[in-house]
Amino acid sequence: ADLDTLLETARLDPDPMSRSVATRAVGAIGGPRAVLGLSDLWPGADPAEELAIVDAWGTPRSFSAGGEDALVRVAESGGSIASVVAASLLARAPGAAQRDGRAVLTRAIEDGTSDERRLAVELAGLDDPDALAAIAAAGNGSDAAVRVTALSRLAEVASRRTAALHTLEGLAAGADGAARQARFALANASDPAAIPLLEHELATEGPGLRTR
């Protein structure tokens, strides 16, 4: 009963958070009218609103009522964070959509912007041979931030864990932003080598970093 009100809120509310919550609520209600209403919002959406719409299309009641087709269009358009997220939702779905989503994620890992590549690496399934090969290649690449993210994922694979952690330990000894990310990656992987590095970080300036 609240669908029309939610669509108007998603379109017109001055508060971005309210628009985002309303958009996701439309997706949760689902059905053809909801999916069409979300499509109407798409042309004027900013990047944050695009992500809310993508999440809404991915909810069960919207996915089965046309949301799947909408996600395929966004994923295959490429060139945005929204396309990567759309692909990740498809990659977890059954049937042909899964194949499409996995292919888009693999392409994003290989050819996307740095931010798109990092997100695709984080969202790709390690059970997908093509994605795993792309992640392994990224772990040897020249983009330091992508490389650290890829090595962190490779550390989740038993046969690749030792080599990935060894490389991360080498990167973590540096002084740049990638080195700091490598230290956190080692900690996330429960590598004891992270402990003295993190103790050193506790002496740095900035409460946000020390909290992390």
**Report entry** segment 91-212 - convex hull of alpha carbons, volume per residue in Å³
**Finding:** 111 Å³
Requested in this report: Taking 7 Å along the Cα-to-C-beta vector as the label spot, tell me the Glu76-Glu8 distance in nanometres, rounded to one decimal.
Outcome: 3.6 nm
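Could you calculate the FRET efficiency of Ala163 with Arg92 from 1/(1 + (r/R0)^6), where r is the beta carbon distance between them and R0 is 25 Å, rounded to 0.05?
Values: r = 28 Å, r/R0 = 1.12.
Working from the Cβ atoms, E equals 0.35.
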Query raised in the report: What is the P(r) of the chain, as percent of Cα-Cα pairs per 10 Å bin from 0?
Result: 9, 29, 26, 22, 12, 1
Query raised in the report: Which of these, Arg92, Arg183, Arg153, has the largest mean-square fluctuation under a Gaussian network model of the chain (Cα springs below 10 Å)?
Result: Arg92
Requested in this report: Enter the angle in degrees (range 0 to 90, nearest 10) between the Cα long axis of helix 16-29 and the first principal axis of the Cα atoms of the chain, meaning the one along which they spread out most.
Outcome: 70 degrees
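Quick one: if the Förster radius is 25 Å, what FRET efficiency do Asp176 and Ala137 give, using the C-beta to C-beta distance and rounding to 0.05? Walk me through the numbers before you get to the answer.
Values: r = 22 Å, r/R0 = 0.88.
E between Asp176 and Ala137, to the nearest 0.05, is 0.70.
With Cβ to Cβ distances under 13 Å as the rule, what net charge do the other residues near Gly66 carry (K, R +1; D, E -1)? Don't jump to the answer; show the numbers that get you there.
On the way: positive: Arg33, Arg61, Arg73; negative: Asp40, Glu68, Asp69.
Net charge around Gly66: 0.
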**Report entry** Gain on full stretching of the segment that runs from Met17 to Ala1 - 0.36 nm per residue minus C-alpha separation
**Finding:** 3.6 nm
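Computed from the coordinates by the stated procedures, all read-outs in this text should not be read as laboratory data. The model shown is predicted, which means the values in this text are computed figures rather than measured ones. Quick reminder, even Gly has a Cβ in these numbers, built from the backbone with ideal geometry, and neighbours come from all protein chains shown.
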